[in-house]
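Following: one structure in structure tokens, then a few remarks.
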Amino acid sequence: MSVLFDVLRVLGILFLMCRTSRAEPSVPTPIACTTRGADLADARAVVACPNCALHQLSVFGTGVYASVSSVCGAAVHRGVIPASGGKLKVHRLPGRENYLSSISHGVKSQTLTKWTASFSVSQAHSQPMEVLGEASTTSLPGPGPVKKALKKNVKKTPQNGNKDCQVDIALLVDGSYNIGQRRFILQKNFVSKLAMTLRIGPEGPHMGVVQVSENPKMEFFLKNFTQPKDVFSAIKEMAYRGGNTNTGKALLHTVDNFFSVDHGSRRGLPRVVVIFVDGWPSDNLERAATRARESGINVFLVTVAKASPEEIPMVQDREFAQKAVCRDNGFFSYSMPSWFSTNKYVKPLAQKICAAEQMLCSKTCYNSVNVGFLIDGSSSVGDTNFRLMLEFMVAITDAFEISDVGARVGAVQFTYDQKLEMGFDDHTEKEAALEALRSIRYMSGGTATGEAIAYTVSNLFLPRKAVSGSKNFLIIITDGQSYDDVRSPASAAQAEDITVYSVGVAWAPQDDLKAMASAPKDAHTFFRREFSGLVEVQEDIARGICRDFTEAQ
């Protein structure tokens, strides 16, 4: 009986050895720098390249290479091995059309319209059985009872996440030809460690990933995974895409499509984009970065392996890092020398992302202002013109993000008396606020603008001031001479940090308008002969509010 078990043992070892040897050669075959894909006899081979002079390597294609290409040159171009050489796997592929040219890792590949055969290159693993998912046991069980190892089913408790780091994060990972497949894998490892360090969870930070290449790809959104292990698995499954490093295109796509409620964005939390760039972008970042800032998104830029002195002439915009970030103050920029030995860089980057008090781009004029309207309801206005005035207010309000965590709008109507038509906290949904403005009823009466300004400060702005860090704006709309003094109440309003815009129509005196307006007077004073002309200045006032907000930051 023991002889039978010995025979089975030997057969098992031989079976596994044969299976392993068929999967992939264990010993690499040395080749020369000029060895072409067509020179290799086997459909799959493991080879070893020497140190090669990059300018002597002839390569055709990108990702998939024509068989006339140097194998070592293709491997360096792909990022599978360094120029100093190393082991790699080569896979023979059918011929194809349109082999594309690109510059990557110091190797410039060439175009080729058509070739009869192709090949691809990938990293060589020292333990092929692990790659195939084979069991590591190389012998059969001996005689006697066999006891199976029992695995305990350990139920992992879901993690709630780091409650001190409640941010929504989009990671823009570099998947271009510039980084190459080898460094792309190292980048994925770094991003996985970052997710673990941030402590992703339902009550903590949420994360999604966009891959930057020729065209951006949404790998997963904020709502897709809220547990670290799920985020880790999703990152691991990301496939390398290649293409140009169109970072600006990817950022613009992220700003327009990523941070929505449907995709899991949470209201009132900082929105963060972390861009990883290996080398430099192929396109312009400035327009996309401006859009990101206007949208309240905090952009961090992580640069890895900056351009060498001989590569600097190839960089389209040498100031791309300064233009991309939320603020060029050093906080939003982060640099790593390479993708190797990056463990020490994970925690400092995570701390930056969680520093909510330094997210300077979270607040914008669109989501962090209190806009109050003081509207003339005197008898000289008339019902028709009063309706035009309300539509003017609606158009300005529509430019802002009215919500319970965003901008607020309020209104006071005045004659000799004053009426608080809408407080800042009365309508915190945009459509409800717009409808409330349209529904204001015309009072009719005299014109006491000075008293109305004092009433508005006390009853509209001051109750909100204690609970809001937003900037305050008052837009006064009147068509005539006030019966009382306007200068002192307007100065008192400005002393309460309220920026005043005065809009006059018809018989409103210029002296009163300038006396009420904040400095510089010309930028905050508007006049139109007819109420129908208000439509011509509504965009200027909304833009002026954004200008004032930005200058105050």
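The values are calculated or read from the model by the stated rules, or taken from the named source; none is laboratory data. Because the structure is predicted, anything quoted here is derived from the model rather than measured. Cβ: placed from backbone, ideal geometry, glycine included. Neighbour counts: every protein chain shown. SASA here: full protein model, heavy atoms, side chains in, ligands and nucleic acids out. Shrake-Rupley method; radii C 1.70, N 1.55, O 1.52, S 1.80 Å.
Meeting the requirement of 1 or more residues that are open to solvent by 50 Å² or more (accessible area, probe 1.4 Å), closer than 25 Å to E551 by Cα and out of contact with any Pro (no Cβ under 6 Å at 6 or more places or on another chain), the helices (runs of 4 or more DSSP H) wholly within region 257-369 are 286-294, 320-324. The residue that is surrounded by the fewest Cβ atoms within 10 Å (Cβ to Cβ), counting only those in region 370-417 that are aliphatic (A, V, I, L, M) and under 30 Å from F332 (Cα atoms), is V405. Checked against (1) in contact (Cβ under 8 Å) with a residue 12 or more places away in the chain; (2) touching a Lys or Arg at 6+ places or on another chain (Cβ under 7 Å), K521 passes all but condition (1).
Would you list the helices (runs of 4 or more DSSP H) that sit entirely within region 419-467 and hold 1 or more residues that are polar (S, T, N, Q)? Steps first, answer last, please.
Details: elements: 430-438, 449-456, 462-465.
Ranges flagged: 449-456.
Of A506, A452, A493, all but one fail to be open to solvent by less than 60 Å² (accessible area, probe 1.4 Å), in contact (Cβ under 8 Å) with a residue 60 or more places away in the chain and within 23 Å of D425 (Cβ to Cβ); the exception is A452. Cβ separations smaller than 6 Å between residues 6+ apart or across chains give the following pairs from region 222-248 residues that are assigned to a loop (DSSP other than H, G, I, E, B) to residues that are crowded, with 21+ Cβ neighbours inside 10 Å and of a type in the set (V, I, T): F225/V231.
Which count do you get for residues in region 191-215 that are closer than 18 Å to H253 by Cβ and in contact (Cβ under 8 Å) with a residue 40 or more places away in the chain?
The initial filter retains those residues of region 191-215 that are closer than 18 Å to H253 by Cβ, namely 207-215.
Then keep just the ones that are in contact (Cβ under 8 Å) with a residue 40 or more places away in the chain; that gives 208, 210, 212.
Final tally of qualifying residues: 3.
Within region 63-118, the residues that satisfy the criterion of being outside any loop (DSSP other than H, G, I, E, B), β-branched (V, I, T) and surrounded by 17 or more Cβ atoms within 10 Å (Cβ to Cβ) are V64, V71, V76, V90, V107. For the residues G544, G504, the requirement of being part of a helix (DSSP H, G or I) and within 26 Å of Y366 (Cα to Cα) singles out G544. For the criterion of being at pLDDT 90 or above, under 29 Å from S104 (Cα atoms) and in contact with a Pro (Cβ under 7 Å, 6 or more places away or on another chain), A250 passes. Only residues that are surrounded by fewer than 17 Cβ atoms within 10 Å (Cβ to Cβ) and among the hydrophobic types (A, V, I, L, M, F, W, C) were counted in region 225-256, giving 1.
Filter region 165-198 down to the residues that are among the charged types (D, E, K, R) and farther than 16 Å from P82 by Cα, then identify the one that is most open to solvent (accessible area, probe 1.4 Å). Break it down into steps so the answer makes sense when it comes.
To start, the set of residues in region 165-198 that are among the charged types (D, E, K, R) comprises 168, 174, 182-183, 188, 193.
Going one step further and asking which of them are farther than 16 Å from P82 by Cα, we end up with 168, 174, 188, 193.
On the way: D168: 0, D174: 1, K188: 28, K193: 84 Å².
Ranking the candidates gives K193 first.
Among the residues of region 350-396, those identified as within 30 Å of C326 (Cβ to Cβ), among the β-branched types (V, I, T) and modelled with pLDDT of 95 or more are I353, V371, I396. Candidates P94, P82: the one that is over 22 Å from A32 (Cα atoms) and at pLDDT 85 or above is P94.
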